[in-house]
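Worksheet: the structure to be examined is printed underneath.
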Amino acid sequence: MKCLYFDDILTFIEDYPQPKRDKGEVLIKIHYGAICNTDKEIIKGYKGFQGILGHEFVGVVEEADDPTYIGKRVVGEINLGCGECERCRQGYSNHCKNRRVLGITNKDGAFAQYITLPLANLHLIPDDVADLEAVFAEPLAAALEITNQCHIKPTHKVVIVGNGKLGQLIGQVLSLTGCDLTILGRNEKSLLLLTNKARVQLISQVDYESYFDVVVEATGNQAGLSYAQKIVKPMGKVVLKSTYHDQALLNPTLWVVNEITLVGSRCGPMEAALRLLEKKLVSMEGLIGGVYTLEEYQTAFADQNSLKSVFKIVE
């Protein structure tokens, strides 16, 4: 099969072996696999991954033990727990210390014609959700995880630092809470996509300090974390959504003195994400800058970078 394989450099391969499904798994033919900031960080060295990249996808089931799934459009959970450890038995397979992660840790990903996943990881796509909407289900679920972890009140002053693709989705989700929402970014064009959801401002033109009850850090770089420390109120919360290869060098004194709560936030509820898409409570309009074949991967990644990760490039 065709795929994009990463081993220090990203390479297009035409004759990579098609995966064979294990017991309990299904074979999925990929329709779309979308570039994420994590993919770009892996190329820089994050996670030390070797294999096929890609974890955001839409596909169709071609082989399954349960024939009712064959031909169905699906998205999938990216974490594969071992199923045997204490965390898995307690229902926390996303934090299994032996877990594999699609396109990130010890599991070939979705920048390929086929993948395998356990049936338990799959979610059926509602009929009125298009493929190019459903490809956002995984990052949209990650945005929803913030509301699982934090009680965001309508009276809270909330800010999202970073207006890339994930920041865009978080903005749409948090606008549904009725909070006093601000979105700060560096790209004026992409900020305009959110003017009906929040107060949008160029980060270079504001000077907040100890102002926000909740700060969501979604810049994808260590500078965002330092900035979050500056603008959160004493006893406020900072939600960390960025993953990156670089080390963050910070003085934690202000976290301690101001009694700040740090919340690490990763994957979220896929079924809820699909419900939001089905009910048209969120919109993916303007978030896809181009659709590329696997052979055009160099252009796709270059365009993703030039668009500052706002417009999702779909393989």
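The values are calculated or read from the model by the stated rules, or taken from the named source; none is laboratory data. Keep in mind that what you see is a predicted model, and the values were worked out from it rather than measured. Please note: Cβ atoms are built from the backbone with ideal geometry, for glycine as well, and neighbour counts cover all protein chains shown.
Computed values, structure above
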quantity: SER265 being without any contact (Cβ under 8 Å) to a residue 24 or more places away in the chain, within 24 Å of CYS36 (Cα to Cα) and touching a strand residue (DSSP E or B) at 6+ places or on another chain (Cβ under 7 Å); calculated: no
quantity: Some residue of the range 121-135 being of a type outside the set (Ser, Thr, Tyr), closer than 19 Å to ASP22 by Cβ and not assigned by TED's automatic domain parsing to the domain that holds LEU202; calculated: yes
quantity: Residue list for the range 194-207, restricted to those being in a loop (DSSP other than H, G, I, E, B) and of a type in the set (S, T, N, Q); calculated: THR195, ASN196
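Yes/no per residue for (1) free of Cβ contacts under 8 Å to residues at least 60 places away in the same chain; (2) surrounded by 14 or more Cβ atoms within 10 Å (Cβ to Cβ); (3) over 16 Å from ILE115 (Cβ atoms); (4) outside the structural domain of ALA112 (by TED's automatic domain parsing):
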site: HIS31; (1), (2), (3), (4): no, yes, no, no
site: ASP39; (1), (2), (3), (4): no, yes, no, no
site: ILE42; (1), (2), (3), (4): no, yes, yes, no
site: GLU62; (1), (2), (3), (4): yes, yes, no, no
site: THR68; (1), (2), (3), (4): yes, no, yes, no
site: LYS72; (1), (2), (3), (4): yes, yes, no, no
site: GLY81; (1), (2), (3), (4): yes, yes, yes, no
site: GLU86; (1), (2), (3), (4): yes, no, yes, no
site: GLY91; (1), (2), (3), (4): yes, no, yes, no
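One line per residue, one yes/no per condition, for (1) under 13 Å from the mean Cα position of the chain (by Cα); (2) assigned by TED's automatic domain parsing to the domain that holds GLY289; (3) among the hydroxyl-bearing types (Ser, Thr, Tyr); (4) part of a loop (DSSP other than H, G, I, E, B):
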| site | (1), (2), (3), (4) |
| --- | --- |
| THR147 | no, no, yes, no |
| HIS151 | no, no, no, yes |
| GLY167 | yes, no, no, no |
| VAL173 | no, no, no, no |
| GLY178 | no, no, no, yes |
| ILE183 | no, no, no, no |
| LEU192 | no, no, no, no |
